[in-house]
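> Please see the structure below; I have some questions.
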Amino acid sequence: SAELPRRAVVTAIQPSGSTDLILLVAGASASRWKKGTGEAEARAAARSLRLVSARPSSLQAVAQSDYRYGKTTGPEKMKSRNDGPQYSRYEQAGGGDED
């Protein structure tokens, strides 16, 4: 699959009293951005982000469900670049069909 150049605007909001951020990424293809419509629509979407309310959560971070800890969950043959050295073997084999 071909990669298409894209441009984007990122907006961040931090709820008061929280260490977390809410991010909105609004983007368009580089050609649409250059025409002016993509940039205008992305900036309008970014300006529209509002935080109406937020409530405290007692949810705890769990390594098993967080990609940043380096392991994925899901079907046995599913692989990810976060899965460590085995990923390169997966990539060279052309997918998850071989073990």
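The values are calculated or read from the model by the stated rules, or taken from the named source; none is laboratory data. All figures in this text were calculated on a predicted structure; none of them were measured in a lab. So basically every Cβ, Gly included, is an ideal-geometry build from the backbone, and we count neighbours across all protein chains shown. The accessibility values were calculated without ligands, DNA or RNA, using every heavy atom of the protein model including side chains. Shrake-Rupley method; radii C 1.70, N 1.55, O 1.52, S 1.80 Å.
> Is it fair to say VAL25 is open to solvent by 80 Å² or more (accessible area, probe 1.4 Å), at pLDDT 90 or above and not acidic (Asp, Glu)? Show your work before the answer.
Values: open to solvent by 80 Å² or more (accessible area, probe 1.4 Å): yes; at pLDDT 90 or above: yes; not acidic (Asp, Glu): yes.
Yes, satisfied.
Residues are listed down the side, and each one gets a yes or a no for (1) over 30 Å from THR19 (Cα atoms); (2) part of a helix (DSSP H, G or I); (3) at pLDDT below 90; (4) of a type in the set (Asp, Glu):
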{"residue": "GLY38", "(1), (2), (3), (4)": "yes, yes, no, no"}
{"residue": "ALA46", "(1), (2), (3), (4)": "no, yes, no, no"}
{"residue": "LEU51", "(1), (2), (3), (4)": "no, no, yes, no"}
{"residue": "PRO56", "(1), (2), (3), (4)": "no, no, yes, no"}
{"residue": "ARG68", "(1), (2), (3), (4)": "no, yes, yes, no"}
{"residue": "GLY74", "(1), (2), (3), (4)": "no, no, yes, no"}
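> Here's a follow-up. Starting from region 5-26, take each residue that is closer than 18 Å to ARG43 by Cβ and list its partners that are assigned to a loop (DSSP other than H, G, I, E, B) and at pLDDT below 95, counting only C-beta distances under 6 angstrom and pairs at least six apart or across chains.
THR11/LEU49; ALA12/LEU21; ILE13/LEU51; LEU24/LEU49
> If I go through region 1-22 residue by residue, how many of them are hydroxyl-bearing (Ser, Thr, Tyr) and open to solvent by 40 Å² or more (accessible area, probe 1.4 Å)? Full working, then the answer.
Step one: of region 1-22, the residues hydroxyl-bearing (Ser, Thr, Tyr) are 1, 11, 16, 18-19.
Keeping just the survivors that are open to solvent by 40 Å² or more (accessible area, probe 1.4 Å) gives 1, 16, 19.
Qualifying residue count, region 1-22: 3.
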